[in-house]
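The structure appears right after this line, and notes come after that.
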There are 2 protein chains.
Amino acid sequence: MAADPAARAGADVRMEDVVSLCARRGFVFQSSEIYGGINGFWDYGPLGVELKNNLKALWWRRVVRERDDVEGLDSSIICHPRTWEASGHVEHFGDQLVDCRACKRRFRADQLDGIEPCEAREDGTHDLTAPRAFNLMLKTFVGASEDAASVAWLRAETCQAIFNDFKRVREVSRQKIPFGIAQIGKAFRNEINPRNFTFRSREFEQAELEFFVHPGERQRWFEYWLAERVRFHRELGFGEDKLRVRPHEPQELAHYAKAAADIEFKFPFGWQEIEGVHDRGDWDLSRHSEFAGRDLSVTDEERGERFMPMVIETSVGVDRTALALLCNGLRVEALENGETRTVLGLDPRLAPIQVAVLPLSKKLAEPARRILADLRREWNAFYDESGNIGRRYRRQDEVGTPFCVTYDFDSEQDGKVTVRERDSMRQDRIETGSVAAYVRERLEGKP
Amino acid sequence: MAADPAARAGADVRMEDVVSLCARRGFVFQSSEIYGGINGFWDYGPLGVELKNNLKALWWRRVVRERDDVEGLDSSIICHPRTWEASGHVEHFGDQLVDCRACKRRFRADQLDGIEPCEAREDGTHDLTAPRAFNLMLKTFVGASEDAASVAWLRAETCQAIFNDFKRVREVSRQKIPFGIAQIGKAFRNEINPRNFTFRSREFEQAELEFFVHPGERQRWFEYWLAERVRFHRELGFGEDKLRVRPHEPQELAHYAKAAADIEFKFPFGWQEIEGVHDRGDWDLSRHSEFAGRDLSVTDEERGERFMPMVIETSVGVDRTALALLCNGLRVEALENGETRTVLGLDPRLAPIQVAVLPLSKKLAEPARRILADLRREWNAFYDESGNIGRRYRRQDEVGTPFCVTYDFDSEQDGKVTVRERDSMRQDRIETGSVAAYVRERLEGKP
């Protein structure tokens with residue numbers, strides 16, 4: 001945090017404050033810290049894993065569970081290597097790189113503007129090699145030998161397994177076009193320069209939907225899904241000033257794509273994509289049909305025709321969206337008494353802890369723990385009995401806990417507890433037996 | 001299924017029936033099927049992913065959310081390669097392998113008894129090489145070159161990241177010994193002979209808890225966690241005849257381990273481990289202290305001493321347990337009318353679909369869909385309006401759906417629907433507005 005937090009109250013959030021909160025409270029930190037870290041890999045701590053799980057659960061609920069026309073999938077990270085030949089990744093998924101012969105640093109050939117000066121030459125200019133192709137997929141070997149025949153790849157995107165399994169999933173689920181297949185899972189890219197905290201990392205999680213439509217309905221479904229996905233991000237709490245849609249220019253589109261748009265969030269480091277919505281056409285299914293020698297086209301019984309479905313894809317970066325939630329939520333507020341407080345204004349359903357139970361004294365642990373046990377049946381509830389109550393409230397504010405329940409010495413007599421709301425700091429005195437209903441009504445809109 | 005299902009009624013489940021159900025209804029099938037599959041890798045289809053997610057959610061709830069003394073974690077699959085030197089995996093995690101020079105097949109040197117005859121020599125004997133060490137970790141390269149300096153490994157177990165992050169998690173969560181860190185995630189082992197469907201695969205999911213205790217309390221906590229974990233598997237529905245604890249013999253223990261026990265399930269292919277409970281001593285934290293040059297010991301303020309915590313580990317194979325659920329649940333029943341039905345007797349909370357809504361006619365879709373929308377707020381609800389109702393019940397029985405709600409032509413008049421229970425096939429006629437409460441009471445023990 002800044003030396004003078006009061007000076008930060010109301011100002012835009014800075015990346016260093018987000019990173020500092022994440023380390024201090026254990027949301028996210030470098031993988032293998034005790035070994036000095038490993039560039040581009042991150043671990044989610046106790047609060048981070050709850051936040052990320054809540055985000056994934058909400059996506060799964062909206063995209064899969066609440067719909068009749070989307071099926072879930074959980075495929076292996078390593079799939080048959082021909083998959084990546086068909087998808088074009090083996091041939092094309094890479095960057096052009098140049099090395100400096102003097103300082104040995106490596107750069108993307110298309111990102112040479114504004115690079116730091118060479119540290120090995122007095123005039124600071126780099127002695128660059130010609131560009132070389134570098135594949136971004138992580139390679140491994142499956143089987144007993146390390147030769148070309150055993151090469152496999154860690155998936156660079158989760159969607160290719162959806163195309164591999166399209167026919168099987170369609171048959172077992174008895175779905176007809178239009179319908180979609182969705183999955184959440186890890187993907188890997190050997191980024192040259194991982195940067196911006198978890199934003200550009202080498203191991204990351206995607207939540208992807210591939211929605212298969214009739215060629216005549218591409219435009220309609222592209223627009224439908226783009227609107228749906230914007231609605232999802234609005235539901236996460238991203239306002240007009242923080243979220244925008246950037247349609248791709250014609251020259252940005254892949255040769256097979258008819259339309260694409262990025263959903264961008266305004267991070268402290270600028271507007272950046274957190275989700276992509278793409279019309280992938282029939283590129284993937286056609287290529288897999290060809291490479292696998294299996295016809296993946298479908299028969300439309302109403303129209304009496306056979307066709308290759310077109311694919312509308314929505315692809316969320318889960319880590320990027322989790323980071324956007326932290327950047328969007330973090331704020332420093334000036335209080336009336338001249339002090340400040342740090343608040344993480346997360347949507348209550350996404351908060352790592354939904355409710356904290358705070359007995360005013362350790363002597364009140366027993367009845368407070370009874371309330372805790374009741375709340376834990378439904379939510380992630382946290383118990384803290386040490387330190388002064390104001391300080392305990394602040395610790396919960398800072399990690400986004402929407403409700404704190406305080407059991408005090410009066411509670412024994414009047415059978416009531418104090419429920420404090422994070423944002424308004426309003427305190428309601430309510431019946432002990434009504435706490436669950438009170439929280440449920442505010443979290444889910446019903447008692 | 002067998003040619004004569006009636007002959008199978010009441011008999012022990014056969015592996016081929018489980019595999020057949022999984023393929024037919026899309027629980028689990030080979031990864032990259034259209035490319036002929038890839039040995040040791042599996043994809044979970046629409047029903048399989050729900051089953052697995054429900055299992056993971058129950059574990060997380062029991063092990064993490066309901067406890068004050070366990071913190072969650074979600075670490076990267078690739079961590080600093082020194083981690084695997086410290087853990088001993090780079091040096092020791094492998095099998096001794098032999099090759100047959102004639103038929104080119106490869107075998108584990110310790111599993112030569114009963115192997116199939118050589119196909120290349122007339123007398124059927126293999127022409128075996130001397131045993132060679134083979135590391136089971138999957139190797140990859142992180143960074144721009146493929147040299148020794150860039151070698152990294154896909155984690156062979158999720159627990160090593162817990163040891164890496166032990167200090168950070170303890171500090172941010174303000175936990176004191178005894179406490180634990182838990183995580184669910186993928187791990188990889190380059191098995192020579194993947195087999196028994198998903199049981200022994202190359203990519204698999206673990207749910208691991210590492211519980212850190214004072215050296216004087218190892219025995220007590222080992223016994224505590226072994227009992228807790230058996231209780232968990234009983235809760236999944238594994239009876240006395242299907243689940244047993246097999247303590248390791250002294251000669252089976254790793255040199256640093258004081259005690260270990262396998263929790264075994266009786267699969268159609270025999271008794272096999274689905275979870276291990278291990279006293280790992282201070283091996284891991286001591287090794288990481290040494291290799292990272294960071295003291296991971298803790299101070300016990302009450303006792304006034306500094307010590308290295310001992311680790312009690314509980315390690316569930318998530319895929320194995322999901323497979324055990326399928327094997328445990330699948331049964332063929334003879335009905336009074338001489339027919340049979342296939343039932344997947346899953347615990348209702350774990351079933352992929354909690355409730356199916358089945359209008360008796362497509363004409364009743366609108367009111368049936370209103371009930372569906374209400375049920376979907378809480379559960380995974382499935383809608384099916386086609387085919388005769390008996391057939392639709394059978395399709396739900398076979399995938400373990402505990403409740404079917406049928407909306408019929410009388411429902412319009414009397415405001416009631418029929419709820420059919422999977423196991424008893426009992427049908428209750430209840431108020432349309434009470435369906436959610438009815439299901440909730442049976443799933444969660446409260447209305």
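The values are calculated or read from the model by the stated rules, or taken from the named source; none is laboratory data. Keep in mind that this is a model prediction, so the values were computed, not measured. Neighbour counts run over all protein chains shown; Cβ positions are idealised from the backbone, glycine included. Surface accessibility is based on the protein's heavy atoms, side chains included, excluding ligands, DNA and RNA. Shrake-Rupley method; radii C 1.70, N 1.55, O 1.52, S 1.80 Å.
Suppose the filter is of a type in the set (A, V, I, L, M), within 34 Å of the chain's Cα centre (by Cα) and at pLDDT below 95; does B:LEU335 pass it?
Numbers: of a type in the set (A, V, I, L, M): yes; within 34 Å of the chain's Cα centre (by Cα): yes; at pLDDT below 95: yes.
Against the criterion (of a type in the set (A, V, I, L, M), within 34 Å of the chain's Cα centre (by Cα) and at pLDDT below 95), B:LEU335 qualifies.
Sort out which residues of the range B:327-337 are open to solvent by 10 Å² or more (accessible area, probe 1.4 Å) and under 30 Å from B:GLN206 (Cα atoms), and write them in order of number. B:ASN328, B:LEU330, B:ARG331 - these are the residues of the range B:327-337 that are open to solvent by 10 Å² or more (accessible area, probe 1.4 Å) and under 30 Å from B:GLN206 (Cα atoms).
One line per residue, one yes/no per condition, for (1) open to solvent by 10 Å² or more (accessible area, probe 1.4 Å); (2) touching a residue at least 40 places away in the same chain (Cβ under 8 Å); (3) more than 23 Å from B:SER315 (Cβ to Cβ):
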| site | (1), (2), (3) |
| --- | --- |
| B:PRO81 | yes, yes, no |
| B:GLN96 | yes, no, yes |
| B:ASP110 | yes, no, no |
| B:THR125 | yes, no, yes |
| B:ARG155 | no, yes, no |
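Results for (1) more than 8 Å from chain A (Cβ to nearest Cβ); (2) within 27 Å of A:ARG174 (Cα to Cα), shown as yes or no for each residue.
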{"position": "B:GLY26", "(1), (2)": "no, yes"}
{"position": "B:PHE41", "(1), (2)": "no, yes"}
{"position": "B:GLY94", "(1), (2)": "yes, no"}
{"position": "B:ARG106", "(1), (2)": "no, no"}
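Can you confirm whether the range A:304-318 contains a residue that is out of contact with any helix residue (DSSP H, G or I) (no Cβ under 7 Å at 6 or more places or on another chain) and farther than 30 Å from B:TYR35 by Cα? Looking for residues that are out of contact with any helix residue (DSSP H, G or I) (no Cβ under 7 Å at 6 or more places or on another chain) and farther than 30 Å from B:TYR35 by Cα, one finds none in the range A:304-318, hence no. B:MET137 fulfils the conditions (1) within 11 Å of chain A (Cβ to nearest Cβ); (2) more than 19 Å from A:GLY143 (Cβ to Cβ) except for a single criterion, (2). Number of residues in the range A:39-49 that are open to solvent by 10 Å² or more (accessible area, probe 1.4 Å) and touching a helix residue (DSSP H, G or I) at 6+ places or on another chain (Cβ under 9 Å) equals 4.
Among the residues of the range A:149-165, just one is within 7 Å of another protein chain (Cβ to nearest Cβ) and part of a loop (DSSP other than H, G, I, E, B), namely A:ASP165.
Out of A:ARG170, A:ARG202, which single residue is under 23 Å from the mean Cα position of the chain (by Cα) and either within 11 Å of chain B (Cβ to nearest Cβ) or crowded, with 23+ Cβ neighbours inside 10 Å (or both)?
Details: A:ARG170 fails: under 23 Å from the mean Cα position of the chain (by Cα).
Among A:ARG170, A:ARG202, only A:ARG202 is under 23 Å from the mean Cα position of the chain (by Cα) and either within 11 Å of chain B (Cβ to nearest Cβ) or crowded, with 23+ Cβ neighbours inside 10 Å (or both).
Set side by side, the residues B:GLU191, B:GLU210, B:GLU146 differ, and just one is acidic (Asp, Glu), touching a strand residue (DSSP E or B) at 6+ places or on another chain (Cβ under 8 Å), buried (at least 17 other Cβ atoms within 10 Å of the Cβ) and part of a loop (DSSP other than H, G, I, E, B), which is B:GLU191.
Applying a threshold of 8 Å to beta carbon distances and a minimum spacing of six or more residues, or different chains, the list of pairs starting in the range B:50-70 at a residue that is within 8 Å of chain A (Cβ to nearest Cβ) and open to solvent by 40 Å² or more (accessible area, probe 1.4 Å) and ending at one that is modelled with pLDDT of 95 or more and in a loop (DSSP other than H, G, I, E, B) reads B:ARG65/A:ASN380. Filtering B:THR321, B:THR342 for residues that are touching a strand residue (DSSP E or B) at 6+ places or on another chain (Cβ under 6 Å), within 30 Å of B:TRP271 (Cβ to Cβ) and open to solvent by 10 Å² or more (accessible area, probe 1.4 Å) leaves a single hit, B:THR342.
Among the numbered criteria (1) touching a Lys or Arg at 6+ places or on another chain (Cβ under 8 Å); (2) at pLDDT below 90, which one does A:CYS100 miss? Every condition holds for A:CYS100 apart from (2). Only one of the numbered conditions (1) over 18 Å from B:TRP60 (Cβ atoms); (2) free of Cβ contacts under 8 Å to residues at least 12 places away in the same chain; (3) not polar (S, T, N, Q) is violated by B:ARG231, and that is (1).
Is it the case, given these coordinates, that B:PRO178 is of a type outside the set (Lys, Arg), open to solvent by 30 Å² or more (accessible area, probe 1.4 Å) and more than 9 Å from chain A (Cβ to nearest Cβ)? Write out each step before concluding.
On the way: of a type outside the set (Lys, Arg): yes; open to solvent by 30 Å² or more (accessible area, probe 1.4 Å): yes; more than 9 Å from chain A (Cβ to nearest Cβ): yes.
Answer is yes for this residue.
Consider A:ILE162 carefully, then state whether it is in contact (Cβ under 8 Å) with a residue 60 or more places away in the chain, out of contact with any His (no Cβ under 6 Å at 6 or more places or on another chain) and surrounded by fewer than 21 Cβ atoms within 10 Å (Cβ to Cβ). No; evaluated as a whole, the condition is false for this residue.
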